[in-house]
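Peer 1: Can you read through this structure? Questions will come right after.
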Amino acid sequence: MIKKVTPLPKLLKKAQEVFNKWIRERDKDKGCISCGGEVSQAGHYFSQGHHSALRYNEMNTNGQCVRCNMFLSGNLIKYRQGLVKRYGAAKVEQLELNADLKKAWKWHRIELEEIIKKYK
(Lines give C-alpha, C1' and ligand atoms only; values in the text may rest on other atoms or scores of the structure.)
Protein backbone atom coordinates (compact mmCIF):
# COMPACT_ATOMS: atom_id res chain seq x y z
CA MET A 1 0.00 0.00 0.00
CA ILE A 2 1.34 3.43 -0.97
CA LYS A 3 1.28 6.13 1.67
CA LYS A 4 -0.15 9.38 0.35
CA VAL A 5 2.37 12.21 0.68
CA THR A 6 1.06 15.57 1.87
CA PRO A 7 1.98 18.34 -0.59
CA LEU A 8 4.65 20.71 0.74
CA PRO A 9 2.41 23.83 0.65
CA LYS A 10 -0.16 22.00 2.81
CA LEU A 11 2.55 20.96 5.27
CA LEU A 12 3.82 24.54 5.42
CA LYS A 13 0.30 25.80 6.16
CA LYS A 14 -0.31 23.12 8.82
CA ALA A 15 3.03 23.88 10.51
CA GLN A 16 2.16 27.59 10.58
CA GLU A 17 -1.29 26.91 12.07
CA VAL A 18 0.09 24.65 14.81
CA PHE A 19 2.98 27.01 15.59
CA ASN A 20 0.78 30.13 15.68
CA LYS A 21 -1.71 28.40 17.99
CA TRP A 22 1.16 27.46 20.32
CA ILE A 23 2.43 31.08 20.31
CA ARG A 24 -1.04 32.45 21.12
CA GLU A 25 -1.38 29.97 23.98
CA ARG A 26 2.13 30.73 25.30
CA ASP A 27 1.52 34.48 25.28
CA LYS A 28 -2.16 34.72 26.20
CA ASP A 29 -1.40 35.95 29.74
CA LYS A 30 1.52 38.19 28.69
CA GLY A 31 -0.52 40.49 26.47
CA CYS A 32 0.28 41.87 23.03
CA ILE A 33 4.05 42.28 22.61
CA SER A 34 3.45 45.77 21.18
CA CYS A 35 0.69 47.30 23.33
CA GLY A 36 -0.18 44.84 26.10
CA GLY A 37 -3.68 44.25 24.70
CA GLU A 38 -5.50 40.94 24.36
CA VAL A 39 -3.57 38.34 22.36
CA SER A 40 -5.54 36.96 19.43
CA GLN A 41 -2.85 36.51 16.78
CA ALA A 42 0.76 35.43 16.39
CA GLY A 43 2.72 38.35 14.96
CA HIS A 44 6.22 38.24 13.52
CA TYR A 45 8.88 40.90 14.15
CA PHE A 46 10.58 39.92 10.90
CA SER A 47 7.87 39.00 8.39
CA GLN A 48 7.49 35.45 7.11
CA GLY A 49 7.54 36.67 3.53
CA HIS A 50 10.90 38.43 3.67
CA HIS A 51 12.54 36.34 6.37
CA SER A 52 11.32 32.79 5.84
CA ALA A 53 14.23 31.43 7.91
CA LEU A 54 12.63 33.03 11.01
CA ARG A 55 9.09 31.87 10.23
CA TYR A 56 9.00 29.39 13.14
CA ASN A 57 11.40 31.22 15.44
CA GLU A 58 9.85 31.49 18.93
CA MET A 59 11.49 34.81 19.74
CA ASN A 60 10.61 36.35 16.36
CA THR A 61 6.96 35.34 16.81
CA ASN A 62 4.91 36.69 19.69
CA GLY A 63 1.30 37.15 20.69
CA GLN A 64 -0.29 40.29 19.28
CA CYS A 65 -3.68 41.91 19.19
CA VAL A 66 -5.49 42.31 15.86
CA ARG A 67 -5.02 46.08 15.90
CA CYS A 68 -1.23 45.97 16.19
CA ASN A 69 -0.68 42.99 13.90
CA MET A 70 -3.14 43.81 11.11
CA PHE A 71 -4.04 47.48 11.22
CA LEU A 72 -0.70 48.86 12.41
CA SER A 73 1.40 46.47 10.24
CA GLY A 74 2.89 44.82 13.31
CA ASN A 75 3.41 48.08 15.24
CA LEU A 76 7.11 47.31 14.87
CA ILE A 77 8.63 50.13 16.93
CA LYS A 78 6.57 49.07 19.94
CA TYR A 79 7.14 45.40 19.00
CA ARG A 80 10.91 45.89 19.27
CA GLN A 81 10.51 47.68 22.61
CA GLY A 82 8.42 44.74 23.81
CA LEU A 83 11.07 42.29 22.63
CA VAL A 84 13.80 44.14 24.52
CA LYS A 85 11.65 44.18 27.65
CA ARG A 86 10.82 40.47 27.35
CA TYR A 87 14.13 39.02 26.13
CA GLY A 88 16.80 41.70 26.68
CA ALA A 89 18.67 43.93 24.25
CA ALA A 90 21.48 41.45 23.53
CA LYS A 91 19.08 38.71 22.40
CA VAL A 92 17.12 41.15 20.22
CA GLU A 93 20.34 42.34 18.60
CA GLN A 94 21.30 38.70 17.94
CA LEU A 95 17.89 38.07 16.34
CA GLU A 96 18.40 41.15 14.13
CA LEU A 97 21.86 39.95 13.14
CA ASN A 98 20.47 36.50 12.29
CA ALA A 99 17.76 38.11 10.19
CA ASP A 100 20.39 39.98 8.19
CA LEU A 101 22.57 36.91 7.70
CA LYS A 102 19.93 34.40 6.67
CA LYS A 103 16.71 35.69 5.16
CA ALA A 104 15.43 33.01 2.83
CA TRP A 105 14.95 29.38 3.76
CA LYS A 106 13.38 26.58 1.79
CA TRP A 107 11.62 24.42 4.35
CA HIS A 108 11.89 20.68 3.82
CA ARG A 109 9.26 18.07 4.53
CA ILE A 110 11.11 16.53 7.50
CA GLU A 111 11.60 19.95 9.14
CA LEU A 112 7.92 20.82 8.76
CA GLU A 113 6.83 17.44 10.13
CA GLU A 114 9.11 17.99 13.16
CA ILE A 115 7.65 21.47 13.73
CA ILE A 116 4.11 20.09 13.59
CA LYS A 117 5.02 17.34 16.04
CA LYS A 118 6.85 19.72 18.42
CA TYR A 119 4.15 22.40 18.64
CA LYS A 120 1.04 20.20 18.49
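The values are calculated or read from the model by the stated rules, or taken from the named source; none is laboratory data. All of these numbers come straight from a predicted model, not from anything done at the bench. Cβ atoms come from the backbone with ideal geometry, glycine included; neighbour counts cover every protein chain shown. In case anyone asks, the SASA skips ligands and DNA or RNA and just uses the protein heavy atoms, side chains included. Shrake-Rupley method; radii C 1.70, N 1.55, O 1.52, S 1.80 Å.
Peer 1: If I filter region 9-23 for residues that are more than 20 Å from residue 117 (Cβ to Cβ), open to solvent by 60 Å² or more (accessible area, probe 1.4 Å) and of a type outside the set (Val, Ile, Thr), do I get at least one hit?
Peer 2: Scanning region 9-23, I find no residue that is more than 20 Å from residue 117 (Cβ to Cβ), open to solvent by 60 Å² or more (accessible area, probe 1.4 Å) and of a type outside the set (Val, Ile, Thr), so the answer is no.
Peer 1: Considering each residue of region 42-71, count those that are under 22 Å from residue 29 (Cβ atoms) and more than 10 Å from the chain's Cα centre (by Cα), and give that number.
Peer 2: Count: 7.
Peer 1: Can I ask one more? I'd like the residue in region 67-120 that is open to solvent by less than 80 Å² (accessible area, probe 1.4 Å) and in contact with a strand residue (DSSP E or B) (Cβ under 9 Å, 6 or more places away or on another chain) and, out of all such residues, is nearest to residue 41 (Cα to Cα).
Peer 2: 69
Peer 1: Further, regarding this structure: What is the one condition in (1) modelled with pLDDT of 95 or more; (2) part of a helix (DSSP H, G or I); (3) more than 24 Å from residue 101 (Cα to Cα) that residue 9 does not satisfy?
Peer 2: (1)
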